[in-house]
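The values are calculated or read from the model by the stated rules, or taken from the named source; none is laboratory data. Nothing here was measured: the structure is a model prediction, and the numbers come from that model. No Cβ is skipped: glycine too gets one built from the backbone with ideal geometry, and neighbour counts run over all protein chains shown.
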Amino acid sequence: MYNSNIVTNVFESLLHGLWIITDLGLFLYDYKSGSISRHAYDPDKGDILRSQDINSFYESPDGIAWVGTWQGGLSRYDVASGDIKTYTTNDGLPSMSIQGILGDEKNQALWLSTFNGISRFSLPDEQFNNFSLKDGIQGLLYADGQYIKTSSGYFLFGGNNGMLLLQAGRYFPEFNATGHLYLSF
């Protein structure tokens with residue numbers, strides 16, 4: 001598969017097929033045709049990701065793909081148009097390495113784990129609110145692929161000092177870490 005047999009994760013899309021995440025790019029398996037296509041890498045076919053080493057992925061209900069990369073920031077990828085908007089540390093990201101992305105649909109936000117803490121990205125305002133050790137999170141370094149949103153609405157992020165457990169709107173109300181909960185092993 002395009003000289004990469006290292007698949008780091010897969011995500012099933014309700015709109016597009018099966019997203020295949022690799023350290024050499026973003027691929028999509030089309031159930032109808034049985035074909036695999038590579039996305040966001042060829043400038044002749046649209047915008048490209050700043051890094052092809054994909055760490056994390058989230059698809060919003062409207063079909064927008066949010067791609068977190070190693071040293072390439074956070075990218076909003078409109079699959080239909082091929083347009084990509086990339087957010088970097090210049091925009092407020094705490095790190096260019098986005099290890100995990102979880103969608104908070106109710107509050108129109110994304111929660112990101114990075115190599116420099118946790119960040120909440122407001123989708124309507126395109127603003128980042130960053131959380132570090134002084135805010136009480138368990139550590140700064142988070143692992144790629146170690147994130148999950150539970151059926152109960154909890155967000156879990158795994159890192160070098162255990163696991164961070166939070167619930168949007170409950171543990172970080174008004175962008176403040178009072179009342180947060182974290183676990184370590």
Within region 115-149, residues hydroxyl-bearing (Ser, Thr, Tyr) and touching a Leu at 6+ places or on another chain (Cβ under 7 Å) come out as Ser119, Ser132, Tyr147
Q. Yes or no: Ile20 under 26 Å from Phe121 (Cβ atoms) and hydrophobic (A, V, I, L, M, F, W, C)?
A. yes
In region 20-59, residues that are touching a strand residue (DSSP E or B) at 6+ places or on another chain (Cβ under 6 Å) and either at positive phi or touching a residue at least 60 places away in the same chain (Cβ under 8 Å) (or both) total 4
Counting only residues that are part of a strand (DSSP E or B) and either more than 15 Å from the chain's Cα centre (by Cα) or hydroxyl-bearing (Ser, Thr, Tyr) (or both), region 13-37 contains a total of 7
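Condition check ((1) within 26 Å of Lys149 (Cα to Cα); (2) touching a Phe, Trp or Tyr at 6+ places or on another chain (Cβ under 7 Å)) across all residues:
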residue: Thr22; (1), (2): yes, no
residue: Phe27; (1), (2): yes, no
residue: Pro43; (1), (2): no, no
residue: Gln52; (1), (2): yes, yes
residue: Trp66; (1), (2): yes, yes
residue: Val79; (1), (2): yes, no
residue: Gly100; (1), (2): yes, yes
The condition of being over 26 Å from Ser152 (Cα atoms) and either among the basic types (Lys, Arg) or not in a strand (DSSP E or B) (or both) holds, among Ser75, Ser51, only for Ser51
Counting only residues in region 134-158 that are at pLDDT below 90 and not in a loop (DSSP other than H, G, I, E, B), the one nearest to Glu105 (Cα to Cα) is identified as Tyr154
Given (1) modelled with pLDDT under 90; (2) not in a strand (DSSP E or B), Asp125 misses just (1)
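One line per residue, one yes/no per condition, for (1) under 15 Å from Thr8 (Cβ atoms); (2) loosely packed, with under 15 Cβ neighbours inside 10 Å; (3) in contact with a helix residue (DSSP H, G or I) (Cβ under 6 Å, 6 or more places away or on another chain):
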position	(1), (2), (3)
Arg50	no, no, no
Ser56	yes, no, no
Gly63	no, yes, no
Trp66	no, no, no
Thr86	no, no, no
Flagged in region 88-106 as of a type in the set (S, T, N, Q), surrounded by fewer than 18 Cβ atoms within 10 Å (Cβ to Cβ) and either in contact with a Leu (Cβ under 9 Å, 6 or more places away or on another chain) or without any contact (Cβ under 8 Å) to a residue 12 or more places away in the chain (or both), in numbering order, are Thr88, Asn90
Here the residues within region 107-151 that are of a type in the set (A, V, I, L, M), buried (at least 22 other Cβ atoms within 10 Å of the Cβ) and over 12 Å from the mean Cα position of the chain (by Cα) are Ile137
